[in-house]
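> Would you mind keeping the following structure in view while I ask a few things?
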Amino acid sequence: MKFTTALIASLLSASEVFAAPRTALRREQFEKRLAGGRGSKPFRAANVTGDVEGPAEQQATTTSTNWAGAALDSSGFTGVQGTFTVPSVSTPPGGNSGTAYSASAWVGIDGYTCGSAILQTGLDFTIQNGRVSYDAWYEWYPANAVDFSGISFSSGDSVKLTIVATSKTSGTATIQNLSKGTSVSHTFSGQSGTLCETNAEWIVEDFEEISGGQAEQVPFANFGTVSFTGATATKSGSTVGVSGADIIDMTSSNGGSTIASASLSGASGVTIKYV
């Protein structure tokens with residue numbers, strides 16, 4: 001997806017009417033998203049020969065090169081929600097302060113064992129030259145993510161993420177900043193990707209951005225800890241917690257070093273830690 005300079009300028013101007021004032025870093029990130037595209041990807045299993053995008057094996061714990069968190073694998077999932085505190089973000093050990101490092105926390109339906117679509121919403125964290133930005137977004141994979149306008153976040157804010165599938169090609173995504181009393185929502189309809197409704201997820205992801213025509217995972221930020229509370233899903237009309245969910249740890253592409261680890265806390269808690 002390419003945009004002309006004039007179109008980017010027009011969209012920036014229109015967005016800033018409704019959005020909170022952008023820092024220089026947020027403006028830079030916004031322009032990059034318009035010019036290329038930012039997107040989540042389905043679960044990629046880590047193995048000794050590289051990473052494979054597609055269904056995960058049925059197991060209690062697994063490793064991935066782009067996801068860390070927890071995923072339920074069953075049927076009839078039409079809603080997911082979770083609340084977390086916006087973390088402090090830092091450059092990873094040995095990193096270059098001039099490089100932009102990012103990570104994203106989100107909730108979603110599908111993408112774990114169903115790769116045809118993901119209905120999701122979340123918050124990106126980016127640090128560069130000591131400056132941190134937070135960007136809220138919604139996405140119906142395989143389309144790229146789109147930034148929300150009219151909401152802002154700071155480290156320590158309490159954020160609630162909610163997604164609801166009203167059919168296999170329609171639904172809503174909502175983000176609330178509980179600390180500031182603000183909320184934004186987007187309604188999807190007639191999406192090209194069809195949900196399987198077989199997965200519910202609470203994830204921190206090393207997402208992709210398009211640069212030079214190539215989609216690549218972004219340099220991964222040290223996000224410290226993201227702890228989802230009130231992590232529940234709607235399954236066949238009933239509310240369920242995370243008990244029995246598969247745990248996903250993020251590793252390097254050859255399945256070697258652990259980058260982020262996850263664990264469950266009670267019936268409705270998921271904790272993800274940068275390693």
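The values are calculated or read from the model by the stated rules, or taken from the named source; none is laboratory data. Being a predicted model, the structure only gives us computed values, none of them experimental. Methodologically, a virtual Cβ is constructed for each residue, glycine included, from the backbone with ideal geometry; neighbour enumeration extends over all protein chains shown.
> From the set of residues in segment 147-171 that are surrounded by fewer than 18 Cβ atoms within 10 Å (Cβ to Cβ) and more than 22 Å from residue 227 (Cα to Cα), which is nearest to the chain's Cα centre (by Cα)?
Per the stated criteria, the residue is 149.
> Right, residue 110: touching a Ser or Thr at 6+ places or on another chain (Cβ under 7 Å), of a type in the set (D, E, K, R) and at negative phi or not? Outline the logic, then answer.
On the way: touching a Ser or Thr at 6+ places or on another chain (Cβ under 7 Å): yes; of a type in the set (D, E, K, R): yes; at negative phi: no.
So residue 110 fails the test.
> Ok, one more. Return only the number of the condition from (1) over 20 Å from residue 69 (Cβ atoms); (2) surrounded by fewer than 20 Cβ atoms within 10 Å (Cβ to Cβ); (3) at pLDDT below 95 that residue 180 does not satisfy.
Just one mismatch for residue 180, condition (3).
> Shifting gears a bit: Is it the case that segment 140-162 has a residue that's in contact with a Pro (Cβ under 9 Å, 6 or more places away or on another chain) and in a strand (DSSP E or B)?
Yes, because at least one residue in segment 140-162 is in contact with a Pro (Cβ under 9 Å, 6 or more places away or on another chain) and in a strand (DSSP E or B).
> Quick check, is residue 249 modelled with pLDDT of 95 or more and over 26 Å from residue 149 (Cβ atoms)? Spell out how you get there, then give the answer.
On the way: modelled with pLDDT of 95 or more: yes; over 26 Å from residue 149 (Cβ atoms): yes.
Considered against the rule, which asks whether it is modelled with pLDDT of 95 or more and over 26 Å from residue 149 (Cβ atoms), residue 249 comes out as yes.
> Sticking with this one: Please determine whether any residue of segment 40-48 is aromatic (Phe, Trp, Tyr) and at pLDDT below 80.
Filtering segment 40-48 down to residues aromatic (Phe, Trp, Tyr) leaves 43.
With at pLDDT below 80 added as a condition, the list becomes none.
Among the residues of segment 40-48, not one is aromatic (Phe, Trp, Tyr) and at pLDDT below 80, which makes the answer no.
> Still on this structure: What tally of residues in segment 74-90 results from selecting those that are over 17 Å from residue 160 (Cα atoms) and touching a Phe, Trp or Tyr at 6+ places or on another chain (Cβ under 6 Å)?
1
> Right, here's the next one. (1) touching a Pro at 6+ places or on another chain (Cβ under 8 Å); (2) closer than 26 Å to residue 211 by Cβ; (3) not in a strand (DSSP E or B): which one isn't true of residue 102, the others all being true?
Among (1) touching a Pro at 6+ places or on another chain (Cβ under 8 Å); (2) closer than 26 Å to residue 211 by Cβ; (3) not in a strand (DSSP E or B), residue 102 violates only (3).
> Enumerate the pairs (first residue in segment 53-69 and more than 13 Å from residue 258 (Cβ to Cβ) and at pLDDT below 55; second residue anywhere and among the hydrophobic types (A, V, I, L, M, F, W, C) and part of a loop (DSSP other than H, G, I, E, B)) with beta-carbon separation below 6 Å, excluding pairs fewer than 6 apart on the same chain, so at least 6 apart or on different chains.
56/43
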